[in-house]
Amino acid sequence: MTATPPQPNSPSVPGAQGHPDRDVPQLVRRVPGDTVRIPRSAPYGIVRGTPYGTRRALRDTLTLVALPLVAALALPAAFAGGGTRRWFGGRAESQRAEAQAAKDAAAAAFYELDTAQRDLRISIETIAAVDDSPAAHRAITDFDALGRRIDEASHQYITAVDAHDLDRDDLEASAAAGARTELTKAKDELGRVKQELDRFAAGLGPLLGKAETQLARLAPAVERARQGLLAASNALDAVRESGLTADDLAARLAALAPELTKLNQGAGQHGVPQTLERAERVAREAEAVRVEAGRLPEKAAEIDHRLVSLRTRAQALTTRAGQVEPVLSELRRRFTVACWQDLQNVPDGAAENVRQAELKLKEAQAARDEQRWPDATALLSTVRALLNSTDESVSAAGDRLRRLNAVQKDPQQEIDRTRFAIRDAQRLAMAGRNTPDPRHARPLDDSVARLERAIGTLEGRHPDYWHFLTETEAVRQTVARVVAQIREERGGGH
């Protein structure tokens with residue numbers, strides 16, 4: 001056994017007994033073969049003289065034992081909400097839940113009102129874009145006033161939400177109850193404004209229907225105008241391919257180009273009613289150009305035909321006018337001056353009219369060659385009027401001779417014809433009456449007397465047959481007017 005040097009605190013050193021620390025063995029440098037003694041009377045685990053490594057192990061063991069207890073105490077607080085809120089808050093938590101429900105209801109009412117306002121704003125914008133009537137202006141003004149009411153109700157709601165933090169851990173029951181009251185009041189106000197908005201929207205039905213109808217017409221009308229312009233342009237191209245210039249139609253179509261530009265700019269810039277009216281006008285004018293362009297080849301052919309026809313007729317009238325002089329010679333030889341005096345200028349007048357007609361025909365031909373269709377048409381109408389007048393005057397001479405020959409041969413035929421007309425009118429005037437109406441009887445009696453005077457002019461050596469014929473014609477016209485008057489009065493229930 002190896003000897004150990006004595007230590008100051010060793011039990012083998014005198015005076016070491018009785019010291020508080022002397023009952024605890026000390027850690028000594030261990031020499032091989034030595035042993036360390038620990039008194040049996042020392043308590044385990046709490047001796048001050050325990051070595052440093054042993055103390056650290058003991059501390060770690062105690063920490064592990066204490067952890068479950070700490071976790072058990074902290075877990076309820078972690079699940080209480082907000083990190084440290086209690087699970088069981090009693091009356092305060094009940095008031096918090098009711099306030100939260102009121103907040104959710106107010107939020108739903110706010111969202112519903114906002115959605116309705118947005119939808120109605122679209123309707124108002126539609127009306128404003130289409131309708132400029134006083135009723136539309138009133139609707140816009142009323143909607144602005146409703147917007148201010150909505151802003152007030154929304155401000156009340158937002159103020160109530162911002163004033164109360166329902167997620168606070170220390171929320172008092174009274175504060176929660178106050179929040180619930182204010183949020184409920186805000187929700188009710190939002191509901192009332194929503195009802196006003198619904199009533200206003202219901203009254204917009206006629207205005208909105210009218211606006212939507214015009215908007216529905218807008219796009220098709222603009223498209224019709226564009227298609228009409230395209231069709232007119234294609235028709236002009238087809239006409240030009242046939243050798244016709246159609247400059248006047250091209251100018252009319254070019255005048256519609258600015259209108260097409262405005263249509264392309266849209267109703268947002270020029271207004272829906274104005275755009276709709278412009279589209280319809282452009283469509284009408286483009287259709288007129290297209291139709292005229294389609295008829296242009298036919299019109300050219302018609303003008304060509306009229307030029308040939310009127311030229312032929314002028315030539316024929318020239319020939320007939322040359323035959324008037326022999327007719328006038330016979331009239332002068334067989335009848336009195338009164339029978340032919342008004343026909344003296346027929347040959348000269350006919351020749352002048354034919355000459356004017358031929359000049360106008362040349363002008364019409366030039367206008368047709370230059371494709372000035374309106375001028376050509378107008379000139380041909382003038383030619384036709386001149387030839388018609390010439391035809392009547394040339395025919396009058398031959399007709400006069402024919403009628404004078406007939407009455408000279410048998411005047412009784414003209415007399416009987418006129419008397420028959422008078423008697424027929426007299427029978428109609430007496431139908432259903434005992435005495436005739438003076439308004440009808442007087443002109444009929446005058447017609448009888450006038451006929452008798454005309455018959456008297458046939459006596460003598462050289463009777464005026466033309467005067468006789470004009471008198472009998474005038475009598476028949478008077479009788480015809482009386483007959484027409486009687487039938488009109490009886491047909492109208494007089």
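Summary of computed values
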| quantity | calculated |
| --- | --- |
| Out of ASP237, ASP167, sole residue that is acidic (Asp, Glu), more than 30 Å from LEU260 (Cβ to Cβ) and either surrounded by fewer than 19 Cβ atoms within 10 Å (Cβ to Cβ) or in contact (Cβ under 8 Å) with a residue 60 or more places away in the chain (or both) | ASP167 |
| Filtered residues of the stretch 330-364 (kept if farther than 22 Å from ALA406 by Cα, among the aliphatic types (A, V, I, L, M) and free of Cβ contacts under 8 Å to residues at least 12 places away in the same chain) | LEU359 |
| Scan of the stretch 177-199 for residues that are in contact with a helix residue (DSSP H, G or I) (Cβ under 6 Å, 6 or more places away or on another chain), touching a residue at least 24 places away in the same chain (Cβ under 8 Å) and either of a type outside the set (A, V, I, L, M) or under 13 Å from ALA160 (Cβ atoms) (or both), ordered by number | ALA179, ARG180, LEU183, THR184, ALA186, LYS187, GLU189, LEU190, GLY191, LYS194 |
| Hey, ALA357 of a type outside the set (Ser, Thr, Tyr) and more than 30 Å from LYS299 (Cβ to Cβ) or not | no |
| Count of residues meeting criterion [under 13 Å from ARG481 (Cα atoms) and not basic (Lys, Arg)] in the stretch 425-450 | 9 |
| Residue check for VAL383: aliphatic (A, V, I, L, M), touching an Asp or Glu at 6+ places or on another chain (Cβ under 9 Å) and not assigned by TED's automatic domain parsing to the domain that holds LEU328 | no |
| The listed residue being among the acidic types (Asp, Glu) and out of contact with any Lys or Arg (no Cβ under 6 Å at 6 or more places or on another chain), out of ASP162, ASP169 | ASP162 |
| Tally of residues being of a type in the set (S, T, N, Q) and in contact (Cβ under 8 Å) with a residue 12 or more places away in the chain across the stretch 458-488 | 3 |
| Condition check for ALA338: modelled with pLDDT under 90 and part of a helix (DSSP H, G or I) | yes |
| Residue identified as surrounded by 13 or more Cβ atoms within 10 Å (Cβ to Cβ), at pLDDT 90 or above and in contact with a helix residue (DSSP H, G or I) (Cβ under 6 Å, 6 or more places away or on another chain) among ALA129, ALA136, ALA99, ALA109 | ALA109 |
| Residues (within 17 Å of ARG284 (Cβ to Cβ) and surrounded by fewer than 18 Cβ atoms within 10 Å (Cβ to Cβ)) located in the stretch 199-223 | ARG217, PRO220, GLU223 |
| Qualifying residue in the stretch 242-259 (condition: in contact with a helix residue (DSSP H, G or I) (Cβ under 9 Å, 6 or more places away or on another chain) and either within 25 Å of ASP131 (Cα to Cα) or among the aromatic types (Phe, Trp, Tyr) (or both)) | yes |
| Sole exception among (1) modelled with pLDDT under 95; (2) buried (at least 21 other Cβ atoms within 10 Å of the Cβ); (3) β-branched (Val, Ile, Thr) for VAL383, by number | (1) |
| Count of residues meeting criterion [part of a helix (DSSP H, G or I) and out of contact with any Leu (no Cβ under 8 Å at 6 or more places or on another chain)] in the stretch 130-155 | 14 |
| Any pair with Cβ under 6 angstrom, 6 or more apart, that starts in the stretch 430-448 at a residue that is closer than 13 Å to ARG419 by Cα and ends at one that is of a type outside the set (A, V, I, L, M) | LEU444/GLN426; SER447/THR478 |
| Hits in the stretch 397-414 - residues which are over 18 Å from GLN323 (Cα atoms) and exposed (fewer than 13 other Cβ atoms within 10 Å of the Cβ) | LYS409, ASP410, GLN412, GLN413 |
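A quick yes/no check of all residues on (1) of a type in the set (A, V, I, L, M); (2) at pLDDT 90 or above; (3) surrounded by fewer than 20 Cβ atoms within 10 Å (Cβ to Cβ); (4) assigned by TED's automatic domain parsing to the domain that holds ASN388:
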site: THR275; (1), (2), (3), (4): no, no, no, no
site: ARG281; (1), (2), (3), (4): no, yes, yes, no
site: ALA286; (1), (2), (3), (4): yes, yes, no, no
site: ARG290; (1), (2), (3), (4): no, yes, no, no
site: GLU302; (1), (2), (3), (4): no, yes, yes, no
site: ARG313; (1), (2), (3), (4): no, yes, yes, no
site: ALA316; (1), (2), (3), (4): yes, yes, yes, no
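The values are calculated or read from the model by the stated rules, or taken from the named source; none is laboratory data. Only a predicted model underlies this, so the values are computations on that prediction, with no experimental measurement involved. Heads up, the Cβs are rebuilt from the backbone with ideal geometry, glycines too, and the neighbour counts pull from every protein chain shown.
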